Amino acid sequence: MRRARGIAVSLLLCAAASARITGVLAPYSGAPGEPNCSACHGSGVNTGPGRLQIQVQDLTHWLPERPLRVRITLSDPDAARWGFQLTARAESNARLQAGSFRILDTDTQLVTTGGLQFVTHTLNGTRPGTRNSSIWEVEWLPPPNADFGKVVFYAAGNAADGNGIPDPGDRIYTTSFTLAPAASVSRVIKALPQLAYGSSPEFGVWSTAVYLHNTTPAPVQAVLRFFDQEGAPLNVPALQTDNIAVSIPPRATHLTEIPAQGPLTQGWVQVEMPEGVVGYGLFRQSLPNVNPQEGIVPFSSVNSAGATIVYDDRDYVTALAVLNPGSSPATINFLARDSNGEEIARHSVQLRPRQRTAFVLRELAPPFERIRGRTGVLEITAESGSVSVLGLRFNRLAFTSILPVER
């Protein structure tokens, strides 16, 4: 009688789960001590021709509180509807939640039970009629301390036949993926105060690239974060994210390209990298019937109290990108001197935290029209906090970078 009651309970649980095409009731991720989708669907696990994969931005290490994009790919040549469940646990204790998840779109949802988090599909995320494979993505925020140790992602997937009932035609797959904490190293934060991609009738077609080189004999990870001009996270269409973590092998180089896509968009890039990693940004402008022009600029300090730029506004036009990289508002002062060191113009600009501004120097304020036809220096200072500066000068169809002297 007790056995019959247990069977009845199991049937009820499976009936409830199978009805949840709007998401799997947790826990069915296949984590140690927990069931997977085969409890209610299919006739076996990993017996079909398909495959379930977990990818974490092609990385093998995590950094404390540095968000990462997790991708779940379920493939099967015969499936017509798709479902999954994902969880993250400490390798040392499969009952201990590792970090936390953030939902990115309407294809996934978060389920919490017993202090544990599970990511599963929504009704929209089952993608009825989709053939061959289905992909879901979610953001994962790692633990605050590397001492947490290795993290294991567990996932179970249902490559279903789409007939609406749990039967052997639903093929179940499980997998796991282990991510170790990165070695504790000193990290440096730099800024690229200008990010430009896309096109406009007036300014042509722009793209940006970020080059990183690992000078050390050990593999490292760096993080690029993209912000709009107001300091809000900027989702770059070509990358489909507002931040990326990149792994760089020993002595190797990594290139991140932000190609021209959509209307002209501007912002800036924060670069977080270990000691021993160097790099620069590259801008490319394309105009009709003109060879593409490029300018290369080094990363700027996020701790500089000011900078000096030499300008030549005779046959050239000087343009600046100025960033407040800090977490507090800042007053940025601009003082222009001519070639004799005489003051000819001054102005102040208020910048909110992480806000940047870009302008042609002679158009900063009416007094700066006086630099036209002259050479000299521009002194930039932050009354409090810090400022990051990037300079470009244009000569009709060509441009080049101006290297600021930071202080």
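The values are calculated or read from the model by the stated rules, or taken from the named source; none is laboratory data. Small disclaimer: the values here were computed from a predicted structure and weren't measured. Cβ sites come from the backbone with ideal geometry, for glycine too, and all protein chains shown count toward neighbours. Ligands, DNA and RNA are stripped out before the accessible areas are found, and what is left, the full protein with its side chains, is counted by its heavy atoms. Shrake-Rupley method; radii C 1.70, N 1.55, O 1.52, S 1.80 Å.
Before moving on, here are some points about what is shown:
- Residue list for the stretch 312-334, restricted to those being in a strand (DSSP E or B) and surrounded by fewer than 18 Cβ atoms within 10 Å (Cβ to Cβ): D312, T331, N333
- Single match in S18, S29 (criterion: closer than 23 Å to L141 by Cα and either more than 23 Å from the chain's Cα centre (by Cα) or at pLDDT 85 or above (or both)): S29
- Subset of the stretch 44-65 [touching a strand residue (DSSP E or B) at 6+ places or on another chain (Cβ under 6 Å), open to solvent by 70 Å² or more (accessible area, probe 1.4 Å) and not in a strand (DSSP E or B)]: N46
- Looking across the stretch 79-116, just one residue is in contact with an Asp or Glu (Cβ under 7 Å, 6 or more places away or on another chain) and open to solvent by 70 Å² or more (accessible area, probe 1.4 Å), and that is R102.
- Where A345 falls short, out of the listed (1) open to solvent by less than 30 Å² (accessible area, probe 1.4 Å); (2) touching a residue at least 60 places away in the same chain (Cβ under 8 Å); (3) in contact with a Leu (Cβ under 8 Å, 6 or more places away or on another chain): (2)
- Of the criteria (1) surrounded by fewer than 16 Cβ atoms within 10 Å (Cβ to Cβ); (2) without any contact (Cβ under 8 Å) to a residue 60 or more places away in the chain; (3) not in a strand (DSSP E or B), which one P168 fails: (2)
- Annotation note: Cβ proximity below 8 Å between a residue of the stretch 236-254 that is in contact (Cβ under 8 Å) with a residue 60 or more places away in the chain and a residue that is assigned to a loop (DSSP other than H, G, I, E, B) and exposed (fewer than 14 other Cβ atoms within 10 Å of the Cβ) (sequence gap 6+ or interchain) occurs for T241/N235; S247/D58; S247/T60.
- Strands (runs of 3 or more DSSP E) fully within the stretch 358-407 counting 1 or more residues that are at pLDDT below 95: 388-395, 398-402
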